[in-house]
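Structure record follows, encoded as structure tokens.
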Ligand code: TGC
Ligand code: FAD
């Protein structure tokens, strides 16, 4: 009998409508043409043509695609998730570019910005003509952003920002940074054009993960901004955490894309690699690995689709997003590692996508809330006991 693909085994296509299948195919085609042929090279050199990619992704319409108005497509959350899945099947770094642009920087402006902020930035960001970044993490405050030291002080009508942000995706290429800072009234967000005097961004080098992505340190030294730079709708830590909900949701789907790319690689390789005079796919131990990986892949995809449908119908509580991020990134990483064993020595090279995905997923496990933070969020919801502090 002809082999059946994991998606067909789970009858995934029947769970999607025509528009969702069309969006999925369009993004898959663009990834096949513009990402797959080049991504191993970008990963190896640690350099990627981010500007051209942003414009291509803008033409594709995925930058802020789930937002309404201002040049954004206003698709469902599920459709956005499916796009993230296809992008991350190419590389987590490409999905990161889209997450940070659409779900963090654009979402912050869309949800909390003034009409002037929206008019000024959103259409250009949706088109990929302006790149955004999101500065929450600091050198000494990652999981605990409440402790941030970056400050915004009033000086007459102006704001003056001082501080350092760390591990900021797109930081040194961005035209605009959404920066979170302490004020006398608590945490507030600011729209900072990166050309403002006192703003500098330094590329973080020597990464072993997310190498096809730009990660930077932001230094703000006396960055003077007009009163209008503050995001009027963001009050307290719920401002940045509200943006993280959007980006984490994209990762719930995205991680499944990286897992699929590994699983399909494993099936293909095992079918053609011959040892002891037969394809290794014919050995029971290999089949057990493929079966277990397919189970976890399918369960992760079904969970993502369920969360997508729930978000589109009624919205998601933070702990529900944590369920998806914790499970799907953890299982994707496990699938990448098991695939690596099936590929033997070939698995450690960039000839195959597997080690690249595995290394990327180490970052995905940590950013947007570590797996421990998501476990604690779920634990808090189940027990009513807060165990962070
Ligand atoms: P806590 O006291 O629980 O809450 C403070 C205020 O925030 C509200 N809140 C939320 N609001 C919206 N969405 C959520 N998920 C929320 N969680 C909490 C809460 O109701 C409260 O509101 P209010 O009005 O009473 O003030 O906060 P806490 O300080 O105890 O921290 C909670 C914790 C640990 C869960 C949170 O700090 C956290 O999530 N930490 C992880 C930090 C993180 O994820 N950073 C990510 C940085 S961005 C990034 O990684 C981009 S990677 C690139 C890419 O995406 O590709
Ligand atoms: P820490 O918070 O120091 O945690 C270290 C370990 O301690 C983790 O295992 C953690 O789970 C554990 N831990 C901490 N507190 C507890 C506790 N209470 N209980 C149990 N365990 C605990 N940030 C941005 O703001 N914008 C970006 O664009 C961005 N992009 C990123 C891109 C990459 C490639 C990476 C790697 C990170 C990026 N980040 C970004 C930062 C990311 O969000 C943080 O790395 C993450 O939130 C974790 O913070 P940390 O690295 O300081 O780890």
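Numbers below:
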{"read-out": "Filter result for residue 303 (within 16 Å of ligand 2 (Cβ to nearest atom) and either in contact (Cβ under 8 Å) with a residue 60 or more places away in the chain or within 18 Å of the chain's Cα centre (by Cα) (or both))", "value": "no"}
{"read-out": "Given (1) free of Cβ contacts under 8 Å to residues at least 24 places away in the same chain; (2) crowded, with 19+ Cβ neighbours inside 10 Å, index of the condition residue 288 fails", "value": "(2)"}
{"read-out": "All positions within the stretch 228-240 that are surrounded by fewer than 16 Cβ atoms within 10 Å (Cβ to Cβ) and within 16 Å of ligand 2 (Cβ to nearest atom)", "value": "237, 238"}
{"read-out": "Residues of the stretch 131-151 satisfying the condition of being surrounded by 23 or more Cβ atoms within 10 Å (Cβ to Cβ) and more than 16 Å from ligand 1 (Cβ to nearest atom)", "value": "none"}
{"read-out": "Some residue of the stretch 322-329 being within 16 Å of ligand 2 (Cβ to nearest atom) and closer than 19 Å to residue 208 by Cβ", "value": "yes"}
{"read-out": "Among (1) closer than 19 Å to residue 87 by Cβ; (2) surrounded by fewer than 24 Cβ atoms within 10 Å (Cβ to Cβ) - the single one residue 259 does not satisfy", "value": "(2)"}
{"read-out": "Selection from the stretch 308-349 of residues that are under 19 Å from residue 11 (Cβ atoms) and buried (at least 23 other Cβ atoms within 10 Å of the Cβ)", "value": "308"}
{"read-out": "Subset of the stretch 363-389 (residues that are within 30 Å of residue 36 (Cα to Cα) and near ligand 2 (Cβ under 8 Å from one of its atoms))", "value": "363, 366, 367, 368, 369, 370, 371"}
{"read-out": "Test result for residue 265, over 24 Å from residue 94 (Cβ atoms) and in contact with a helix residue (DSSP H, G or I) (Cβ under 7 Å, 6 or more places away or on another chain)", "value": "no"}
{"read-out": "Filter result (under 18 Å from residue 297 (Cβ atoms), within 16 Å of ligand 2 (Cβ to nearest atom) and over 10 Å from the mean Cα position of the chain (by Cα)) within the stretch 241-273", "value": "258"}
{"read-out": "Qualifying residues in the stretch 202-227 (those that are surrounded by 15 or more Cβ atoms within 10 Å (Cβ to Cβ) and over 21 Å from the mean Cα position of the chain (by Cα)) - the one farthest from residue 41 (Cα to Cα)", "value": "225"}
{"read-out": "Every pair of residues 6+ apart whose Cβ atoms lie under 7 Å, when the first sits in the stretch 148-174 and is more than 25 Å from residue 92 (Cα to Cα) and free of Cβ contacts under 8 Å to residues at least 40 places away in the same chain while the second is within 11 Å of ligand 2 (Cβ to nearest atom) and part of a strand (DSSP E or B)", "value": "148/138; 148/141; 148/180; 149/138"}
{"read-out": "Verdict on residue 222 being in a strand (DSSP E or B) and either away from ligand 2 (no atom under 16 Å from the Cβ) or farther than 30 Å from residue 92 by Cα (or both)", "value": "yes"}
{"read-out": "Qualifying residue in the stretch 275-285 (condition: surrounded by 19 or more Cβ atoms within 10 Å (Cβ to Cβ), part of a helix (DSSP H, G or I) and within 16 Å of ligand 2 (Cβ to nearest atom))", "value": "no"}
{"read-out": "Unique residue being within 19 Å of residue 299 (Cα to Cα), in contact (Cβ under 8 Å) with a residue 12 or more places away in the chain and in contact with a strand residue (DSSP E or B) (Cβ under 9 Å, 6 or more places away or on another chain) when the list is 79, 89", "value": "79"}
{"read-out": "Residues of the stretch 113-129 satisfying the condition of being in contact with a helix residue (DSSP H, G or I) (Cβ under 6 Å, 6 or more places away or on another chain) and either under 17 Å from residue 49 (Cα atoms) or within 16 Å of ligand 1 (Cβ to nearest atom) (or both)", "value": "125, 127, 128"}
{"read-out": "Criterion (at pLDDT 95 or above, under 21 Å from residue 248 (Cα atoms) and touching a helix residue (DSSP H, G or I) at 6+ places or on another chain (Cβ under 8 Å)) met by exactly one of 142, 171, 132", "value": "132"}
{"read-out": "Residue match in the stretch 102-111 (condition: in contact with a helix residue (DSSP H, G or I) (Cβ under 6 Å, 6 or more places away or on another chain), modelled with pLDDT of 95 or more, closer than 30 Å to residue 264 by Cα and in a helix (DSSP H, G or I))", "value": "yes"}
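The values are calculated or read from the model by the stated rules, or taken from the named source; none is laboratory data. Not measured: the values here are computed from a predicted model. All Cβ positions, glycine included, derive from the backbone under ideal geometry; neighbour counts span all protein chains shown.
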